[in-house]
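These notes concern the structure reproduced below.
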Ligand code: HEM
């Protein structure tokens, strides 16, 4: 069995991967860059959240320039300008990491076209997010756009995690497995529930007080209490699904690698849930909300890792 199905239908034997003489010698570098990509996208979720939570969303009132007269923030624009502009400049870190990942993906494109495709999509995500960030500013922090901005970043974290797992599998020469139907259904439901959970989180944020500016910013006209309940119920359902997936995966000896991911995921979900209740009843203080955002990025990554390992070994 092969670790990857390369172009042209040839099968890469795990020994070929092990000897690292061909393009496979680039896999460890690609694996490290996949981790860097995931961390960089996760970091941007947190720094983007801090822009919102410090009320700096319109610190630079336009885009792509910071103001009509300047590309950068000026000292007169104060701390909000510096925070918002600081977040914009982090884009260059993301571009550097995504470009290096793409170059390493290019080196293995013939043998591992799917890994290469992931690096292309990860790279394209950066200009896309830059433009959506610009639309966020130009629509005066429209909560739907802010939510999309977050969800795309979470999607990039997921893709980076898939690259982490798939390069690890190729390096180790682990065979691709096919999951039994109950496992596939369980993991599929987990993917859907997590997506719903993150989406509901963005709706709740869009209805809440952290608009990203101290001025009059339009908010979703939703009942916060009802939204918080829906968000919490989906969180509970997602947590139960993780337990179900653990039971399903445990029945198959080959799927043990997925158990580690699922166990950590369960622990992080429980902590995130407790934090969610705390921040709700405490009136959404800034620090717990920032940690909740970080937790959501970790959860997106762990769900992707659990599903990839559970489905394909
Ligand atoms: C356990 C899994 C959970 C995950 C993965 C999760 C994820 C999220 C996400 C992605 C957001 C949106 C962040 C943003 O757009 O900036 C959010 C917001 C929020 N979540 Fe959760 N959440 C979870 C559980 C909970 C629970 C159990 C509660 C309790 C009610 C809760 C309360 C909140 C509140 C109040 C907000 C709005 C924060 C704000 O106004 O900025 N969360 N959550």
Is there any pair linking a residue in the stretch 264-276 that is closer than 19 Å to residue 204 by Cα to one that is near the ligand (Cβ under 8 Å from one of its atoms) and part of a helix (DSSP H, G or I), with Cβ under 6 Å and at least six apart or on different chains, and which? 269/239; 272/295; 273/235; 275/292
Has the stretch 263-282 got at least one residue that is more than 15 Å from the ligand (Cβ to nearest atom), part of a helix (DSSP H, G or I) and either in contact with a strand residue (DSSP E or B) (Cβ under 9 Å, 6 or more places away or on another chain) or assigned by TED's automatic domain parsing to the domain that holds residue 229 (or both)? yes
Determine, yes or no, whether residue 201 is in a helix (DSSP H, G or I), near the ligand (Cβ under 9 Å from one of its atoms) and not assigned by TED's automatic domain parsing to the domain that holds residue 280. no
If you check 141, 115, 156, 94, which single one turns out to be buried (at least 16 other Cβ atoms within 10 Å of the Cβ) and either outside any helix (DSSP H, G or I) or free of Cβ contacts under 8 Å to residues at least 12 places away in the same chain (or both)? 141
Which numbered condition residue 311 fails, given (1) crowded, with 21+ Cβ neighbours inside 10 Å; (2) under 18 Å from residue 193 (Cα atoms): (1)
Any residue at all in the stretch 240-258 that's within 8 Å of the ligand (Cβ to nearest atom), touching a residue at least 60 places away in the same chain (Cβ under 8 Å) and surrounded by fewer than 17 Cβ atoms within 10 Å (Cβ to Cβ)? no
Does residue 293 satisfy the criteria of being more than 30 Å from residue 52 (Cα to Cα), at pLDDT 95 or above, in the same structural domain as residue 205 (by TED's automatic domain parsing) and within 18 Å of the chain's Cα centre (by Cα)? no
Name the one entry in 206, 212, 173 that is at positive phi and near the ligand (Cβ under 10 Å from one of its atoms). 212
Quick check on this structure: which one of 195, 226, 191 is under 30 Å from residue 308 (Cα atoms), free of Cβ contacts under 8 Å to residues at least 60 places away in the same chain and either surrounded by fewer than 19 Cβ atoms within 10 Å (Cβ to Cβ) or more than 8 Å from the ligand (Cβ to nearest atom) (or both)? 195
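The values are calculated or read from the model by the stated rules, or taken from the named source; none is laboratory data. Quick caveat, the model's predicted, so the values are computed rather than measured. Cβ atoms come from the backbone with ideal geometry, glycine included; neighbour counts cover every protein chain shown.
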